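Trainee: My structure is below; once you've seen it, I'll send some questions.
The values are calculated or read from the model by the stated rules, or taken from the named source; none is laboratory data. For clarity, every value in this text was computed on a predicted model and none was experimentally measured. As a convention, Cβ positions derive from the backbone with ideal geometry for all residues, glycine included, and neighbour counts pool all protein chains shown. Keep in mind that these areas ignore ligands, DNA and RNA; they rest on the heavy atoms of the full protein, side chains included. Shrake-Rupley method; radii C 1.70, N 1.55, O 1.52, S 1.80 Å.
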Amino acid sequence: MSLRFPSALVLSVCTLLTTACMSGGRAAYMPALQDEPALRVYDTKAQKFIPFAQLATAIASKDLVFFGEQHNDPATHAAETAVLAALGERRSRVVLTLEMFERDVQPVLDQYLAGTISEEKFLAAARPWDNYTADYRPMVELARVRGWPVVAANVPRRLASAVSRRGLAVLDTMNARDRGYMAREHSCPKDAYYAKFAESMQGHSAAGGPPTAADQAAMAQMTDRFYEAQCVKDEAMGEAIADAFTRSPKGTVIFQVDGAFHSDNGLGTVERARRRLPKASSVVLSAIPVDDLSKANGDDKRSTADYLLFTRAPKK
C-alpha cells in the first residue's frame, strides 16, 4: 500500500521549493520559479548555483549527510525537511539523527515512532525544544510515516553542563547510567575547531575597559571548560551517527541535523563521525539565511560546506 505524507508536511515542502505536488503526497522536485525562489543552492566545488534536484541526487549517493542549521530560521527548517524528503525519494533506507533530542529519551522516542504511545505522552517525556512543533516535528512525522529510525543523538543537557563546570574529569565520577549517555571515547584537542570556538567566545569577555591578567585567565579557563562541553556533544553525536550506520542494513543513508557550528568546515560532529567511520562517504550542507536571495554569494564561504543552502531570512 502506498504511503501518504501528512498534508501539512507536503504543503511546507512544496511551498519551500515552489514545486507542484503529485497525488499521494510525493513531491515533484521541479525547478523553482524564477520570480522569487525560497531557496538557492550553491555548489562550493563547482562554484555555481544548482537546482535543488541536482543537490538531492548528488547527496543521495553518500553514506552520511550533515545539515548544519540556523536554529532560529524557519526557512532553514523547511529546507532540511525538504532535503530529508528528497533523500527518501532516492534511497530506500534512511536514518534521521538529531541534535535536538538527548540520548536518555531514546526509549520514549522509539515508542512514539512504533505507535505504542501518543504524541502527547511522547512530548511530555522527551523534553523537545521550544520550537519543536513548528520546526522539527515535520521531520519526525515524515520518519514515522516512512518507518525510518530517528536517533536522539545529543548528551543530556545536565551532563554537558557538568562538564562545562568541572571539565572532562567529571566523566570519571559519573554513575554507570549517566556515563552510558556519553560517548565511549573522547578527543578534545586544541585544534582549528578550538580556535573557532575560542573566537566565538570573545563576546563573553569582561566589559568596562581592557581585561586584566585575572580577566584573561578566567576567560581562558571558561573557554576551555565550555569547549570541553562542546566536545562531549560532538563526540556523542559522532558516535550516535557511527553506531546507527554500523547497525543499519547496507545502503542506508544517515541524515544528521545539528546547529551549523557543529558541522561547518567539516569540524565538530563531522570530524568525530568521520573518525569513527573512515570508509564512509559524507557530505556537509550549511544553511545561510540572507535578506535578498538574488544577491546571495557563496564565493567567500566555500570552505564552510560542500553545499550552501541560502534561505530567505525572517523579516525583522
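Trainee: How much length is gained if the chain between R179 and L123 is pulled fully straight, taking 0.36 nm per residue apart and subtracting their Cα-Cα distance, in nm to one decimal?
Mentor: 17.7 nm
Trainee: Residue by residue, what Karplus-based ³J(HN,Hα) values in Hz, rounded to whole numbers, does the range 52-61 have, using 6.51, -1.76 and 1.60 with θ = phi - 60° and x for Gly and Pro?
Mentor: Along the range 52-61, the couplings run 4, 4, 5, 4, 4, 5, 5, 6, 5, 8 Hz.
Trainee: How large is ³J(HN,Hα) for each residue in the range 233-239, as worked out from phi by the Karplus curve 6.51 cos²θ - 1.76 cosθ + 1.60 (θ = phi - 60°), to whole Hz, x for Gly and Pro?
Mentor: Values per residue, Gly and Pro as x: 5, 5, 5, 5, 5, x, 5 Hz.
Trainee: Further question on the same structure: I'd like to compare 144-156, 244-256, 162-174: which one has the highest average count of other Cβ atoms within 10 Å, and what's the full order after that?
Mentor: Output ranking for 144-156, 244-256, 162-174: 144-156, 244-256, 162-174.
Trainee: I would also like to ask the following. Measure off, as a whole percent, the carbon and sulfur share of the 1.4 Å-probe accessible area of the range 35-133, all protein chains present.
Mentor: Solvent-exposed carbon and sulfur of the range 35-133 make up 49 percent of the total.
Trainee: Please say if the range 204-316 is rounded, prolate or oblate, where rounded means a/c under 1.5 for a ≥ b ≥ c the square roots of the C-alpha gyration tensor eigenvalues, and otherwise the choice is prolate for a/b larger than b/c and oblate otherwise?
Mentor: oblate
Trainee: Karplus couplings for the range 189-194 from phi (6.51 cos²θ - 1.76 cosθ + 1.60, θ = phi - 60°), rounded to Hz, Gly and Pro as x?
Mentor: Taking θ as phi minus 60°, the curve returns x, 8, 10, 4, 5, 4 Hz for the range 189-194.
Trainee: Moving on. Rank these by accessible area, largest first, 1.4 Å probe: C231, C188.
Mentor: Descending order: C188, C231.
Trainee: Applying a 10 Å radius around every beta-carbon, put 117-126, 221-230 in order of their mean neighbour count, most first.
Mentor: Ranking, from highest mean packing down: 221-230, 117-126.
Trainee: Could I ask something else about it? Classify the range 54-104: rounded, prolate or oblate, from the alpha-carbon gyration tensor (a ≥ b ≥ c, eigenvalue square roots; a/c under 1.5 rounded; otherwise prolate if a/b is larger than b/c)?
Mentor: Verdict is oblate for the range 54-104.
Trainee: Net charge near L308, counting Lys/Arg +1 and Asp/Glu -1 over other residues with Cβ under 9 Å of its Cβ?
Mentor: Result for the local shell: +1.
Trainee: Related question: Going by accessible area, probe 1.4 Å, with all protein chains left in place, what is the ranking of K48, K295, K301, largest first?
Mentor: Most to least solvent-accessible, the answer reads K295, K48, K301.
Trainee: Given a 1.4 Å probe and every protein chain left where it sits, what share in percent of the accessible area of the range 158-316 is carbon and sulfur?
Mentor: Heavy-atom surface of the range 158-316 belonging to carbon and sulfur, 1.4 Å probe: 51 percent.
Trainee: Here is a further query. Between R165 and R247, what length comes free when the chain is fully extended (0.36 nm per residue of separation minus the Cα-Cα distance, one decimal in nm)?
Mentor: Extra length available between R165 and R247 comes to 26.1 nm.
Trainee: OK, next. Amide H to amide H under 5 Å from S282: which residues, 5+ apart in sequence or cross-chain, H placed 1.01 Å off N in plane?
Mentor: So S282 has HN proximity to D63, L64.
Trainee: Sticking with this one: With every protein chain in place, what's the accessible area of Y307 (1.4 Å probe, Å², nearest 10)?
Mentor: Its heavy atoms expose roughly 30 Å² to the probe.
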